[in-house]
Amino acid sequence: MGSAGVLSLAGVLSLAGVLAGDNGVQSAGIPLPLDLGPPVPPGKDALSHSRGPDCREVRKQNSSEWCRFIRSSPDCRLEGGFLDYLNGVFCVFPPRLLPLAVTLYALWLLYLFIILGVTAEKFFCPNLSAISTNLKLSHNVAVFSLTCPLHGVTFLAFGNGAPDVFSAVVAFSDPRTAGLAIGAIFGAGVFVTTVVAGGIALVKPFTAASRPFLRDAIFYMVAVFLTFLVLYFGRITLGEALGYLGLYVFYVFTVVLCTWLHRRQRQEGLAPHGSWEAEVPTDAEEQESSGTNSGDYGEEYRPLLPSQDTSLRILTTALSPLDYRKWRRKPWYWRLFKVFKMPVELVLLLTVPVVDPDKEDLNWKRPLNCLHILTSPLLCVLTLKSGTYGLYQIQGVFPVWGLVILVGFVLAFITFITTSNDEPPKYHCVFAFLGFLASAMWINAAATELVNILRTLGIIFQLSNTVLGLTLLAWGNSVGDTFSDLTMARQGYPRMAFSACFGGIIFNILVGVGLGCLLQMTSSQPVVKLEPDSLLVWILAGALGLSLVFSFVSVPVQCFQLGKAYGICLILYYLAFLCVALLTEFRVIHLSTI
């Protein structure tokens, strides 16, 4: 990958570490205790007994005591975030309006998923693509990521799994929400490998690429087995956390080596095409299948004589999130969804630069990019640690955000007078790194709010973090991959979509668990407790392992010919698992505690 690629990967990891500090237990000066005392009863979060009464006890109090209980209980304090959801639902809204508050929170939860999806798809991924192009990294090491088509298992896989990984890192940063991370990672794994994979087989029966499937299934089963051991022993050490990341590095190395060997064998005429690779669409097909990219904004407004455009016109067209020609030919439900996305897209366009290597001008918009020099750093300081650093006053006089505005204005002015509207500057690639950082901060902020609101809903409905993770959080983070995979299958690339089901989630579990736990550790606290909060965790881990074993055995038995019967079996398996999980959560099914 080269020294530049290694440095970029290190930058990604270090950036995630900074972002995790937004909610990290260690960053707040609260070391994670190793001695947890007596076991916590199932259904309660680990460490809750060290924080006083469990916050879920609030619903057992008289409604007139809800607000006092929330404000006096240390366990009810949310880590990070801009909004105090618990205080809002139990103190701002009167008890009789609790259904209204829950409805508003549910709508805000859906909108947070929209923010995560739009940011990752239209801003995070394109900038990662530009960075990889600038660093001359391969986009075709493997075909696993469909949210960022054909970006492979290099660090660009981070683009596809960004919402999942950021949500996991944020959830792992607080022991009370670690169950959300476990539930989401395992829950998304079960969902993608059953519902999505089964849906692909139902939409278009196909012949799976044999060796890539076996390779990915083996690596994923190893990752699940390691996580099972970590949960069984109730802790993860520094070496084990590094082992997760090391296993992913070894996985990438294996993919690169297998691809190189296959290409060499094909050149020598020794290997058939079908046994190794998923089909790869041409560039035109790729653009059509992806449906949208960073060029959606303003592409149809490009004038015949761009040199005659004023800076004001360039700015207004670049800030337009609406393609009027596409708007006219789309159905009503697409228009309705677009209306909901437009405020998010407008704010992102104002704060996140996008470099597009596929465009002749690299998406250079001089007035907007100069504005980004001011808005992107301001966004970073105001979202890092929920604005604590941005509001800090230097020597008690001048705020940090004021200094950022001052420096940004000077740099923006210099850039504006030394560049032209027609040609991007030689240092335009710097905007890709700035856009990557700004979009990562947006994703981190949205993931923080997402975890906090899920914990709030769990307290309201007396649900464990695990069941919230395996349902709402897993479904929300997987919905984008579901639609893209099924769309790819309908367009004639089922093998490519099927590879994404098993290849993409390997990154999520290895980096999500490894990095999420690693960022909690210090030299004095090299161990993180991961005690399951209920028997549901074991059911979830067993269901994921069983689904992988089923596919690992049944797919070769079918000679890799996957049809509707295979798809129906996978979907029925997920429905059965979901029923067992929910019945266990609500104590309808009583199993002996492990």
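Values in this text are rule-based calculations from the coordinates and carry no lab data. Please read these numbers as outputs of a predicted model, since none were measured by experiment. Cβ sites come from the backbone with ideal geometry, for glycine too, and all protein chains shown count toward neighbours.
Test of the criteria: in the stretch 323-401, which chymotrypsin sites (Phe, Trp or Tyr not before Pro) are in a DSSP loop and have at most 15 other Cβ atoms within 10 angstrom of their Cβ? In loop regions of the stretch 323-401 (DSSP not H, G, I, E or B), the sparsely surrounded chymotrypsin sites (Phe, Trp or Tyr not before Pro) are Tyr392.
Proximity of backbone amide H atoms, modeled 1.01 Å from N, is registered between Arg235 and Leu530 at under 5 Å, excluding neighbours fewer than 5 places apart on the same chain.
I want the local charge near Gln561. Using Cβ-Cβ distances under 13 Å, sum +1 for each Lys or Arg and -1 for each Asp or Glu among the other residues. Neighbour charge sum, excluding Gln561 itself: +3.
Here the Karplus curve 6.51 cos²θ - 1.76 cosθ + 1.60, taken at θ = phi - 60°, turns the phi angles of the stretch 195-211 into couplings of 5, 5, 4, x, x, 4, 5, 6, 5, 8, x, 7, 9, 6, 6, 5, 5 Hz, with x standing for Gly and Pro.
For Ser534, the residues whose amide H sits under 5 Å from its own are Gly43, ignoring neighbours fewer than 5 places away on the same chain, with H placed 1.01 Å from N. Karplus-derived 3J(HN,Hα) values for the stretch 461-478, using 6.51 cos²θ - 1.76 cosθ + 1.60 with θ = phi - 60°, are 9, 6, 10, 6, 4, 5, 5, 5, x, 6, 10, 4, 5, 5, 5, x, 6, 9 Hz; glycine and proline are entered as x.
Electrostatic tally near Thr227: other residues with Cβ closer than 14 Å to its Cβ, Lys and Arg +1, Asp and Glu -1, net -1.
When the Cα gyration tensor is reduced to axis lengths a ≥ b ≥ c, the ratio a/c is 1.5 or higher for the stretch 392-512, and with a/b not above b/c it is classed as oblate. Residues whose amide H falls under 5 Å from that of Asn363, counting only those 5 or more places apart or on a different chain, are Asp356, with hydrogens built in the peptide plane. Take the Cα of Lys60, step 7 Å toward its Cβ, do the same at Phe483, and the gap between the two points is 4.2 nm.
Rounded to the nearest whole Hz, the Karplus-based 3J(HN,Hα) values (6.51 cos²θ - 1.76 cosθ + 1.60, θ = phi - 60°) of the stretch 435-442 follow the sequence x, 4, 5, 5, 5, 5, 5, 4, with x at glycine and proline.
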